[in-house]
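Read through the structure below, which is laid out as structure tokens, and then see the notes.
The values are calculated or read from the model by the stated rules, or taken from the named source; none is laboratory data. Since we're looking at a predicted model, the values are computed, not measured. Virtual Cβ from ideal backbone geometry, glycine too; neighbours counted across all protein chains shown. These accessible areas exclude ligands, DNA and RNA; they are computed on the full protein's heavy atoms, side chains included. Shrake-Rupley method; radii C 1.70, N 1.55, O 1.52, S 1.80 Å.
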Amino acid sequence: MNKSFEILLKEVFHEEFSHFNDDLDKKVDSLPKKYLTIKEVSKMTGIGTYTLRQLTYARAMPHRKIKARIIFEEREIKETISDYNKFGWTDPDKNWDVQLVQDEIMQFEREKGGNKMIEDILREIIREELNNFSKDIKKHTNKEKTSYYGRTVLTIKEAATHFRTSPSTIYSLIKEDGMPHFKIQSRFYIVLEEAEAYLWRETAKSYANEGNIYWQRILQRLDWEEKERELAYAKALKRLEESY
């Protein structure tokens with residue numbers, strides 16, 4: 001990669017982060033997720049609850065488990081529902097061929113385990129931008145009591161309403177299962193985006209541990225993305241601390 005191309009990439013990433021920060025100031029956020037129960041999805045789609053449960057397993061349809069309860073987000077399941085209505089249980093694109101999925105997992109391991117100069121440089125550029133971006137987002141955080149590094153903070157009651165469950169279940173997820181949270185005096189709070197990501201990963205993990213190859217593919221990618229984020233944020237935090 002020549003120097004001029006690297007400079008160009010830096011400019012592109014800097015511009016993208018700047019746009020994102022501007023969006024925060026303007027409060028131009030994506031619509032929050034609205035979760036539906038399995039009965040509500042069944043009524044909306046005309047697909048039976050048994051079939052919906054099978055789709056969550058055999059077609060890895062996105063959803064989140066709240067203990068034994070399953071909740072869906074309408075936008076996330078749109079593609080799976082459309083494919084099922086169109087093809088039934090057939091697989092014309094071979095997206096669910098076990099051997100192909102296994103090969104894809106192996107290929108992903110090889111590619112992400114290797115040292116590719118282009119990937120290393122891109123990650124380094126992103127981490128450099130995060131250093132500057134962290135300062136900007138910290139300023140934004142101080143403007144809103146309901147914001148935590150640009151994210152949404154919920155009380156236990158609000159979290160229960162959002163995830164279509166009870167406050168006692170949210171407390172249980174915190175104390176027994178380790179759902180991310182923070183505490184101010186005696187009150188617990190949930191950062192919405194962290195809770196959604198946590199539930200998504202735990203859902204994938206539960207199926208992957210049962211030997212479901214399709215969910216193993218999802219979990220593999222989530223694990224890799226999580227490691228990359230940890231490395232990026234650790235370096236950004238270190239630079240931020242060094243700057244003060």
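Quick notes on this structure:
- Selection count where residues are open to solvent by 70 Å² or more (accessible area, probe 1.4 Å) and not in a helix (DSSP H, G or I), scope segment 210-232: 1
- Selected residue [open to solvent by less than 100 Å² (accessible area, probe 1.4 Å) and in contact with a Pro (Cβ under 8 Å, 6 or more places away or on another chain)] from ILE81, ILE77: ILE77
- Of all the criteria given as (1) aliphatic (A, V, I, L, M); (2) open to solvent by 30 Å² or more (accessible area, probe 1.4 Å); (3) more than 14 Å from the chain's Cα centre (by Cα), the one not satisfied by ILE190 is (2).
- Close contacts from segment 193-221, counting a first residue that is touching a residue at least 40 places away in the same chain (Cβ under 8 Å) and a second that is open to solvent by 40 Å² or more (accessible area, probe 1.4 Å) and among the β-branched types (Val, Ile, Thr), with Cβ to Cβ under 8 Å and a gap of 6+ residues or different chains, come to GLU193/THR152; ILE213/VAL98.
- Every condition in (1) open to solvent by less than 50 Å² (accessible area, probe 1.4 Å); (2) of a type outside the set (D, E, K, R); (3) more than 29 Å from PRO32 (Cβ to Cβ); (4) in contact with a helix residue (DSSP H, G or I) (Cβ under 8 Å, 6 or more places away or on another chain) holds for GLY88 except the one numbered (4).
- Per the listing LYS183, LYS175, LYS235, LYS205, the residue uniquely surrounded by 15 or more Cβ atoms within 10 Å (Cβ to Cβ) and over 14 Å from the mean Cα position of the chain (by Cα) is LYS235.
- Filter result for GLU104 (more than 30 Å from HIS162 (Cβ to Cβ) and surrounded by 12 or more Cβ atoms within 10 Å (Cβ to Cβ)): yes
- A count restricted to segment 39-57 and to residues that are aliphatic (A, V, I, L, M) and either open to solvent by 30 Å² or more (accessible area, probe 1.4 Å) or in contact with a Lys or Arg (Cβ under 7 Å, 6 or more places away or on another chain) (or both) stands at 1.
- Tallying residues that are aliphatic (A, V, I, L, M) and within 28 Å of THR165 (Cα to Cα) within segment 62-101 yields 6.
- Test set (1) charged (D, E, K, R); (2) under 30 Å from LYS175 (Cβ atoms); (3) at pLDDT below 95 - LYS10 fails condition number: (2)
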